[in-house]
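A.B. asks: If you scroll down you'll find the structure; I have some questions about it.
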Amino acid sequence: MYVLHQNFCDGEDLARGKSASASSSHAEHTAKEAVDGLLTEDSCFWTAPDTSHWWMVDLGADITITKIRVTNTFEWILAKTWGAVFIDPFVLTLSDSRGNQVSSHRFTDSRTFYLWEEVNVRARFVRIDSLEYPESRYFVLCAVEVFGGDSLHATWPDLTLMHTLRSKPGQSCKEACSLQHMVCEPAYFRALNSERTVREAFNCTEVHTEETHYVDFPPAWAAREDSDLGIKQGACLTNSNSALLSCAGLHASYERLCPCRRFTQGQVAVPPPL
């Protein structure tokens, strides 16, 4: 047995030892192997050679998730199995206790390690669906690690002070909030930058999560087609990295979902008394 890696720096792995299920399993390589806290050649989950592949862990309750790390497989496993194992793109979906999808992230390249940072949503179920289904090959997950916790990343100012509003196309959140005698609060973008939130705020025909371009104006709704990003009119846009979002961002084709708050006169950084 060869231990490749153990996590000591990211805090508690919320998925470790939790109940896991999958579309199928191969021999002794069951779904729980991906959350056993080990990264060894003998502790990876394998599917049977199905026509579809999925895996899911139940965290037990809704909890704030900040980061997810997925270890797909290792080179020595590929060598031992003569190409029977494949590393392919997949989509990672988060759902709450009621079964509502709260966020998702699509990994479209093939690699060994995947990291989804700046997640910042409350969810209970973490699910991975393979995007390709070669019938004669196995899908492998060696580790799925989930980090966060309700006490780790409290938002300041308090989220109860947030007021959301829609900007006009080509209008920044800074301007939109100011017109309502409020300030745009960038710390709140993490709470708004999710598929569930934009669907509730806009009549989205679809939701696209931007991963490859620098865009600072999501979450937003396309008032007209955006040929540069390939976004159709009526679609909504989020960003895979909430840290990029800005109160000053704007785009002529989009209405933004803006996080505003009231402030103490003469002290913009200080919320008013409750």
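A.B. asks: In terms of solvent-accessible area of protein heavy atoms at a 1.4 angstrom probe, what is the ranking of E28, E206, highest value first?
C.D. replies: On the way: E28 120, E206 85 Å².
The residues order as E28, E206, largest area first.
A.B. asks: Can you return the lysines within cross-link range of K32? Criterion is Cα-Cα under 27 Å, with same-chain partners fewer than 8 residues away left out.
C.D. replies: Correct list for K32: K18, K67, K80.
A.B. asks: Using Cα centres only, tell me the gap between region 189-213 and region 228-269 in whole Å.
C.D. replies: Value for the Cα centre distance between the two parts: 11 Å.
A.B. asks: For A143, which sequence-distant residues (separation of 5 or more, or a different chain) have an amide H within less than 5 Å of its own amide H, given hydrogens modelled in the peptide plane?
C.D. replies: Here the answer is T71, since their amide H atoms fall under 5 Å of that of A143.
A.B. asks: Rounded to whole Hz and in sequence order, give me ³J(HN,Hα) for region 64-69 from the Karplus expression 6.51 cos²θ - 1.76 cosθ + 1.60, θ = phi - 60°, writing x for Gly and Pro.
C.D. replies: Each residue's phi maps through the Karplus curve to give 6, 9, 10, 7, 10, 10 Hz.
A.B. asks: Probe radius 1.4 Å, ligands and nucleic acids ignored: give me the carbon and sulfur share of the accessible area of region 185-231 as a rounded percent.
C.D. replies: Numbers: 970 of 2380 Å².
Reported share for carbon and sulfur atoms: 41 percent.
A.B. asks: Amide H of V119 versus every other amide H placed in the peptide plane: which residues, excluding those fewer than 5 positions away on the same chain, fall under 5 Å?
C.D. replies: K67
A.B. asks: Same structure, new question: Heads up, I need the accessible area for I63: 1.4 angstrom probe, whole protein in place, Å², nearest 10.
C.D. replies: Only protein atoms counted, so the area is about 40 Å².
A.B. asks: Also: Report, by chain and number, residues whose modeled amide H sits under 5 Å from the one on T238, excluding near sequence neighbours (fewer than 5 apart, same chain).
C.D. replies: Excluding prolines and chain starts, which carry no amide H, the hits are H208, T209, E210.
The values are calculated or read from the model by the stated rules, or taken from the named source; none is laboratory data. Computed from a prediction, not measured in an experiment: that's the story for all the values here. Keep in mind that these areas ignore ligands, DNA and RNA; they rest on the heavy atoms of the full protein, side chains included. Shrake-Rupley method; radii C 1.70, N 1.55, O 1.52, S 1.80 Å.
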